1. Apply the a/c threshold of 1.5 to the C-alpha gyration tensor of region 83-131 and tell me whether it is rounded, prolate or oblate.
2. Using alpha-carbon pairs under 8 Å, 6+ residues apart, how would you state the relative contact order of region 207-286 in percent?
3. Using 0.36 nm per residue of separation minus the Cα-Cα distance, give me the extension gain between residue 299 and residue 70 in nm, one decimal.
4. Which whole-number percent gives the relative contact order of the chain, counting Cα pairs below 8 Å spaced six or more residues apart?
5. Just name one of 269, 78, 242: the one whose Cα is farthest towards the positive end of the charge dipole of the chain (beta-carbon charges, Lys/Arg +1, Asp/Glu -1).
6. Which entries of 200/248; 248/328; 200/311; 184/248; 208/275 have Cα-Cα distances beyond 30 Å here?
7. Hey, can you find the accessible area per residue of the chain for me, probe 1.4 Å, expressed in square angstrom?
8. Cut-off under 14 Å on the C-alpha distance; same-chain residues fewer than 8 positions from residue 236 excluded. Which aspartates and glutamates are left, in chain and number order?
Amino acid sequence: MVDVIIAGSGLGGSCAALWLSESNSVTLLSGTAPAASAVAAGLVNPLAGQRMGGFPNAWTAYEDFQHTLHRANALEMYNPCGILRPALNETQASLFFVISQTNPDSLIWLESDQIDEMYPSITAPFGATITKGGVADISKLLDQMATTLMPRCNVIHQNLTDWEDHGSEVTVMLDSETSLQTRKLILAVGAEYQFLSKLKNLHLHCTKGQLVHVSMSTDLPLPVSGAGYAVPAGNKLILGTTYEHSYKDLEPTNEGITKILALTKRMIPSVASAKILGASAGIRVGVPETRLPMVDQLTRNVWILTGLGSKGILLASHIGRNLETWLKTPLSVPDEFRLRNN
Ligand SMILES: Cc1cc2nc3c(=O)[nH]c(=O)nc-3n(C[C@H](O)[C@H](O)[C@H](O)COP(=O)(O)OP(=O)(O)OC[C@H]3O[C@@H](n4cnc5c(N)ncnc54)[C@H](O)[C@@H]3O)c2cc1C
């Protein structure tokens, strides 16, 4: 019997496997459903949000992310180039300016004429900040994590279909109609929780997000985030995003693409004439009231790990690095991450 089975190999499951496999025998069920992690734009932004509020422990999560990169031998998959945040109006400009004065280590303020000079392709009439953070190459990072995990975990390319917690161990049923025994089961299945009957009643909310990939028409040395975002990725720009609370399917739509282009050209006018290379979409899972992750025991030996929302890179690293402690001492899970509907 293994110590831990983790269902799901997106950012949540992979980071959990990376940290737990240090001192536990781990089986990772990689699953076959589309992963939100596979489409993520790669922004690593501890000061996310209109008011740069970030989230509790965002800087600790940023450190956890760096440790995770180190542990995965993936340091070169992250560029800590900073994030340019144009203010969208005068009120936001005043707020950003004040925050930059009180947090000089985390961000600097630039007036609009400084932006014009330093980044001629960017329009920031109210000024902008450059905040700590950067861009991760998510597809390479996930590949590298998989490579690092390969000798340390048993990776099975199957889906879990059900489980039974017997109190001393858990039986996990797979879609090949075989079953496995484990001491602990961690469910990190992203939006697929909706199709597992025992998870249907979790108080979660799914939001579809689309991205547009365009050719890089201009030199952009760092990501820009304000009216949507633009993330440099090799010789293309990844533009985002939509937040769709009701949707038909996972396909990108013309409406979504038009919306994203209209948003981002407010910051980067040349986007309007850039060649569209493609579009992608994924589902973010969020916890409605807290907008923080959900990490908790469902039953004695079965844990849920979800709700990474739009901050999957930082939150998955933070959870992964703490998970061993939380599994051993469930009471040490932060209150704000716990299940609310039980
Ligand atoms: C458009 C978009 C852009 C984003 N951009 C960013 C960004 O720039 N920065 C950032 O930090 N975050 C970003 N995010 C958020 C980030 O992608 C998510 O928070 C994160 O990927 C969620 O990871 P996860 O492991 O919880 O879920 P997922 O990545 O969805 O992974 C779930 C995994 O579980 C597997 N699975 C499902 N069912 C089963 C089963 N029954 N058995 C076994 N396995 C199963 C699936 O195959 C999948 O591999 C973005 C999201 C979207 C949609």
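1. Oblate is the answer for region 83-131, as a/c is 1.5 or above yet b/c matches or exceeds a/b.
2. Dividing the mean separation by the residue count of region 207-286 yields 46 percent.
3. My answer for the length gained is 79.2 nm.
4. Relative CO of the chain lands at 24 percent.
5. 242
6. 248/328; 184/248
7. Accessible surface, normalised per residue, equals 46 Å².
8. Cross-link targets: 137, 219.
The values are calculated or read from the model by the stated rules, or taken from the named source; none is laboratory data. Values in this document were obtained by computation on a predicted structure and should not be read as measured data. We place every Cβ from the backbone using ideal geometry, glycine too, and count neighbours over all the protein chains shown. Surface areas here come from the heavy atoms of the whole protein model, side chains and all, with no ligands, DNA or RNA. Shrake-Rupley method; radii C 1.70, N 1.55, O 1.52, S 1.80 Å.
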